[in-house]
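S.K.: Please find one structure pasted underneath; my questions will follow.
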Ligand SMILES: NC(=O)c1ccc[n+]([C@@H]2O[C@H](COP(=O)([O-])OP(=O)(O)OC[C@H]3O[C@@H](n4cnc5c(N)ncnc54)[C@H](O)[C@@H]3O)[C@@H](O)[C@H]2O)c1
C-alpha cells in the first residue's frame, strides 16, 4: 500500500525543526511526500528547504512566519523547547505560551482532518494533579494574558519551569482538544522519556549525571530522536483519526512501572 500514513501532497509545519526530534520529524515528513516548513530560532544543517527563523518567545515574529507559510496547513508539529537550564519564565513562554499562540494562529488555516501534535514530556505526567491551576493558565486568551497570569501566579512554575510548561501542554491538549474535536481537528501530545538529542547535556547539567544513571529504563536505554519522531508522525497521521485530546507516552515502559509499583518514585527525587 502506497502512502500508508497519508502525508503525500500535504503541508506540514514543524517547530524545533533545526535539531533533535523536530529535525527527525521534518526529515520523515519530507520522505513521506509532505511540503515541510520548519520554524526554529537557529539555522539547521541545510537539509530542510523551508526553515523560518523565529523566536517562539515573540508572538509578532510567530505571526510573521504564519503569514509567510500561509494556508492550508494540514498538520502542525510543536517540537521546539527550552530545557531545564533556561530561566523558568522564558521556558514557560517558549514551551507553552509561544506554542499556544502559534497553534491558535494555525487552527484557522486547517480544514477538518487537520492535526496538531505537541511534544510534552514524562516531566508533564502529573498535570492532572495540578489541573486547577494549569487549566486557569492555559485558558488565558492570548500570549500577553498568559504572561500576566505567570506574573500574578509565580508559585506553580518558579523553580519548576520545565515540568510546569509540559504540564501546561498536557492540560491544553485535553481542554482545547476536546473543544476542537467537533470541528474535526485533532490535538494531542507525545510524552517522551529520556532521549539522546542535543538537549540531553542540559538535562544532565541541571539534574546531575547520577540522576540519569539511576533513571529507570525498562527497555535498557534512552530513546533516539527518530523513535520519537515516528510516534509524532503516526499521531498526526489521518490513520490516528480516533486519537483525540490525549497525552500519549513513548517512555520505554517508565510510567507503566511508576504507576504500578514496579519503579520506586524516590529515584526521581533531586539529589540533596
Ligand atoms: N531530549 C529529551 O530527553 C526530551 C525528553 C522529553 C521531552 N523532550 C522535549 O522534546 C522536544 C524536542 O527537544 P530535543 O530533545 O529534540 O532537543 P533539541 O535541543 O535538539 O531541539 C530543540 C529545538 O528547539 C529550538 N528552540 C529552542 N528555543 C526556541 C525558541 N525560542 N524559538 C524557536 N525554537 C526554539 C532549538 O533551537 C532546537 O532546534 C522539546 O520540547 C523537549 O522539551 C526532550
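The values are calculated or read from the model by the stated rules, or taken from the named source; none is laboratory data. All figures in this text were calculated on a predicted structure; none of them were measured in a lab. All Cβ positions, even for glycine, are placed from backbone atoms using ideal geometry, and neighbour counts span all protein chains on display.
Yes or no, residue by residue, for (1) over 17 Å from residue 84 (Cβ atoms); (2) surrounded by 19 or more Cβ atoms within 10 Å (Cβ to Cβ); (3) at pLDDT 95 or above:
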| position | (1), (2), (3) |
| --- | --- |
| 163 | no, yes, yes |
| 174 | yes, yes, yes |
| 208 | no, no, no |
| 231 | yes, yes, yes |
| 234 | yes, no, yes |
| 246 | yes, no, yes |
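S.K.: Only one of 129, 94, 138, 173 is under 28 Å from residue 223 (Cβ atoms), away from the ligand (no atom under 14 Å from the Cβ) and under 16 Å from the mean Cα position of the chain (by Cα); which?
M.R.: Criteria check complete, one pass: 138.
S.K.: May I pose another question? Would you say residue 18 is crowded, with 18+ Cβ neighbours inside 10 Å and either within 9 Å of the ligand (Cβ to nearest atom) or without any contact (Cβ under 8 Å) to a residue 60 or more places away in the chain (or both)?
M.R.: yes
S.K.: Against the definition (touching a helix residue (DSSP H, G or I) at 6+ places or on another chain (Cβ under 7 Å), farther than 18 Å from residue 252 by Cβ and within 16 Å of the ligand (Cβ to nearest atom)), how does residue 185 come out, yes or no?
M.R.: So residue 185 fails the test.
S.K.: Residue 151: exposed (fewer than 14 other Cβ atoms within 10 Å of the Cβ), away from the ligand (no atom under 14 Å from the Cβ) and not in a helix (DSSP H, G or I), yes or no?
M.R.: No: the conditions fail for residue 151.
S.K.: Restricting to the stretch 30-48, give me the number of residues that are within 15 Å of the ligand (Cβ to nearest atom) and touching a residue at least 40 places away in the same chain (Cβ under 8 Å).
M.R.: 2
S.K.: Looking at the structure I just gave you, is residue 215 modelled with pLDDT under 95 and buried (at least 17 other Cβ atoms within 10 Å of the Cβ)?
M.R.: Here the answer is yes, as residue 215 does meet what is asked.
S.K.: Would you confirm, using the coordinates I've provided, whether residue 9 is modelled with pLDDT of 95 or more, surrounded by fewer than 13 Cβ atoms within 10 Å (Cβ to Cβ) and away from the ligand (no atom under 13 Å from the Cβ)?
M.R.: For residue 9, the condition - modelled with pLDDT of 95 or more, surrounded by fewer than 13 Cβ atoms within 10 Å (Cβ to Cβ) and away from the ligand (no atom under 13 Å from the Cβ) - is met.
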